[in-house]
1. Pull out all pairs, ordered by first then second residue, where Cβ-Cβ is under 9 Å, the residues are six or more apart or on different chains, the first lies in the stretch 101-123 and is of a type in the set (F, W, Y) and in a loop (DSSP other than H, G, I, E, B), and the second is at pLDDT below 90 and open to solvent by 10 Å² or more (accessible area, probe 1.4 Å).
2. Would you confirm, using the coordinates I've provided, whether K110 is of a type in the set (D, E, K, R), open to solvent by 40 Å² or more (accessible area, probe 1.4 Å), modelled with pLDDT of 90 or more and farther than 16 Å from G42 by Cα?
3. Return yes or no: is Y53 in contact (Cβ under 8 Å) with a residue 60 or more places away in the chain, more than 17 Å from M1 (Cα to Cα) and surrounded by fewer than 16 Cβ atoms within 10 Å (Cβ to Cβ)?
4. Within the bounds of the stretch 70-92, is there any residue that is open to solvent by less than 20 Å² (accessible area, probe 1.4 Å), over 19 Å from I127 (Cα atoms) and in contact with a strand residue (DSSP E or B) (Cβ under 6 Å, 6 or more places away or on another chain)?
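The values are calculated or read from the model by the stated rules, or taken from the named source; none is laboratory data. Because the structure is a prediction, the values reported are computed rather than measured. Don't worry about glycine lacking a Cβ; one is built from the backbone with ideal geometry, like all the others, and counts go over all protein chains shown. The accessibility values were calculated without ligands, DNA or RNA, using every heavy atom of the protein model including side chains. Shrake-Rupley method; radii C 1.70, N 1.55, O 1.52, S 1.80 Å.
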Amino acid sequence: MTFDFLPEDCTRYVTGTEEGSIHLSNVSHNEQYLDTYESQNGPVYRVLFSKAYPEMFLTCSADSSMALYHVRNKTPVLKFQSIGSDFALNDICWCPGNSTVFAAVAADAKIQLWDLSYSCIDPVTIIDTNADPALWAAGGVASDKDNGPIKSVDSDDEFDTPPPAPIHTRASAAAPKDDDTPVSKLLKNLQQMQQTNRSLTTVIFSEHSPIIIVGDSRGVVTLYRVLKPIAVTN
């Protein structure tokens, strides 16, 4: 599903598979792996090494979790999963200006911004891009079946009255109930996906400015300026 070379070694690379396995390989050995790491519980969609710490790599998976590995350790150093999040994480990206910051995008069209110097338990920011008025005009958000089609932002008013940014806190995130089974969670997720029919597929940081660029399953590319945490802007 994905692979990435060690930043300081062009002969070794790590691969993530559909079965959830993660392997260390060498370009000179095509019949066996050099090492195999502790597997995740779903397909691994992205493996990405840190440029600041060349032997550390991050993974994201369909099981809605991420893991930070050291290339010499078979078990992850840290595991991450946003509270109340049960959707696949499709992509991740390290912040080039801060080695503890990374972004992840999920199948429920949410952006997660993590800062490990602040918290390893939950992201510092979660943005629901389905609530972003900028996507309405671009056709990136489905129509609201209950309230009619979502109207686009009037171009004359766009700069006079900026649309409010969506804010999500831990309190607003619904914690999963104890009686929720994996099947019921899956059915709820499928129902929500049918309503939005849109997922974020890729994310990247700008190299020279506090900008996050995300792409979605409808072909819409959106740019977000990071204002907080300040650490992201060096």
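1. Listed by first residue and then by second, the contacts come to Y118/V124; Y118/P229; Y118/A231.
2. The answer is yes for K110.
3. no
4. no
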